[in-house]
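In what follows, a single structure is set out as structure tokens and then discussed.
The values are calculated or read from the model by the stated rules, or taken from the named source; none is laboratory data. Values in this document were obtained by computation on a predicted structure and should not be read as measured data. Because the Cβ atoms are built from the backbone with ideal geometry, glycine has one as well, and the counts that use them run over all protein chains shown.
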């Protein structure tokens, strides 16, 4: 296996609001190899999107990265100035969001938006820009790319728009892509098409990808490794086989168990009792303890990482046996 | 078998697209152009029995939400008949209190709950207005209903924005239950929720159904939710029903090629690395659906005939009803 080229170590991203400090991301660490898809799965408020935004250097007031390191090929990203980070984005790391209508400018033709993405970073001729646009549009399976270059975003379907966004992310040949719920808003048949093309691009170009989602089903079919987050903290990380095949954390088990396809039709779903705690009033212990049937007194203490195998780590005092 | 509670025969709904005033002006000066008409729902017939749950599944633009609104009685039909317990909707809807027997739960509770009203008013308003409960006793009445949907009594004085997404959906369900409906239409009621919250709401709906024998029409794009909740399923594509079957039957042996494609595309939790195959084509625009069978441009078994002939629904040996001209040939 190749060495990781991207590392996040002990990341803390907090928001300092009038109501108090919201610790959205607490002590997150992971790495990524070329050609690998790391899935980050969690529910609303788990901190998965804030993790993605932190990597992109897009945390705005009142939030900030309080501590931790993010490095790509040995370069520390948290130390970059705003201008340096702007140069870095797109060229080295690109991001794809859930809603392509918010990413694309409604008043610009696809051609102009894609050209702009290139000319912001490189000095190349229109001919070259054109060829590169056609190349990436075809790579994501867009039929008749010439026509699409002339189109406005509203003239395309949702699936087509998201493909244009992904193609634009590929334009500058980045080392990694962070995708935040990229196929959540799409119909299943369209989702399957897009995932097919993305997986191919990752394999062919040796890209690293962080795929942020709440959808375990898609991840189980796409990701190489999965990280489970809850209320800003890591619960479990391992290969897809580890997490889906032998989940050891009570939260991972509960989450998998509440998916309809894992229940008998017509019977009540195995639901997780209670609600996620407020991020304003977290203790130092396991945030899932209040909803966990295995919790004991010790779960109120800070939870250290336990290594279960070379690939599988867990943050829990009472993990399930295999 | 239970009595029929709802029956729809050849329901259709068209929308004229484009700006009214400018379209009319353009017609006046440039000669008559036929207006662009979108057939959102095209000759759909459905039945629902007491206590039954019927699922309607399909992708964007298939007309499932338009159908839901027509069944709920909040959208007029272009043609076709709707009957509730044998009575045509026209006379039913004229009697406001009886019309309450049909209720709807929407996808986005924030836009379907009045942000300026407290939960107590949102849930109790209709029941008081229609004389289901005297104003003097409405507080206890609402607290009782809130308890049924798993909300604490002190929710009464709070506003919708003070709740989480799952709790807001509970408020929406409580509002429907407060007028003692016999039929509940849920349009993507759990689509916007997290997995664990979604499980809680699905369980709540199942409890309500068990306790009150409510008949339900459950509209969703999510096949796994449909499979879990529904007795029968109708699959829609571009305004038409292409297959209708018992849930088990549909998932075990889908007849229509579109149903097969949907089932294949359904993400499953598994360790088998799926070969994501590029499925042919996009969903065509409902504004200009393909001729004949709407599905033919994406269909693996389409023939020349599918381009010309509109397939009618027909029953096959298993009791499934489908609209495919070639399916026996498989």
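Numbers for the structure displayed
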{"item": "Filter result for residue B:177 (away from every other protein chain (no Cβ under 12 Å) and at pLDDT 90 or above)", "result": "yes"}
{"item": "Output for segment A:5-30, where each listed residue is exposed (fewer than 14 other Cβ atoms within 10 Å of the Cβ) and in contact (Cβ under 8 Å) with a residue 12 or more places away in the chain", "result": "A:10, A:16, A:17, A:19, A:20"}
{"item": "Residue match in segment B:204-213 (condition: within 12 Å of another protein chain (Cβ to nearest Cβ), buried (at least 24 other Cβ atoms within 10 Å of the Cβ) and under 17 Å from the mean Cα position of the chain (by Cα))", "result": "no"}
{"item": "Segments classed as helices (runs of 4 or more DSSP H), wholly inside segment B:184-268, with at least 2 members that are out of contact with any helix residue (DSSP H, G or I) (no Cβ under 9 Å at 6 or more places or on another chain)", "result": "B:195-212, B:247-252"}
{"item": "Filter result (touching a strand residue (DSSP E or B) at 6+ places or on another chain (Cβ under 6 Å) and either closer than 19 Å to residue A:141 by Cα or surrounded by fewer than 18 Cβ atoms within 10 Å (Cβ to Cβ) (or both)) within segment B:279-292", "result": "B:287"}
{"item": "Segment B:293-302, residues that are surrounded by fewer than 18 Cβ atoms within 10 Å (Cβ to Cβ) and free of Cβ contacts under 8 Å to residues at least 40 places away in the same chain", "result": "B:297"}
{"item": "Test: residue in segment A:140-157 that is within 20 Å of the chain's Cα centre (by Cα), more than 14 Å from every other protein chain (Cβ to nearest Cβ), under 22 Å from residue A:199 (Cβ atoms) and in a loop (DSSP other than H, G, I, E, B)", "result": "no"}
{"item": "Residue in segment B:158-172 that is in contact with a strand residue (DSSP E or B) (Cβ under 9 Å, 6 or more places away or on another chain) and more than 14 Å from chain A (Cβ to nearest Cβ) present", "result": "yes"}
{"item": "Lone unmet requirement of (1) crowded, with 21+ Cβ neighbours inside 10 Å; (2) in contact with a strand residue (DSSP E or B) (Cβ under 8 Å, 6 or more places away or on another chain); (3) within 12 Å of chain B (Cβ to nearest Cβ) for residue A:184", "result": "(1)"}
{"item": "Failed criterion for residue B:247 (all others in (1) on the phi > 0 side of the Ramachandran plot; (2) surrounded by fewer than 23 Cβ atoms within 10 Å (Cβ to Cβ); (3) in contact with a strand residue (DSSP E or B) (Cβ under 6 Å, 6 or more places away or on another chain) hold)", "result": "(1)"}
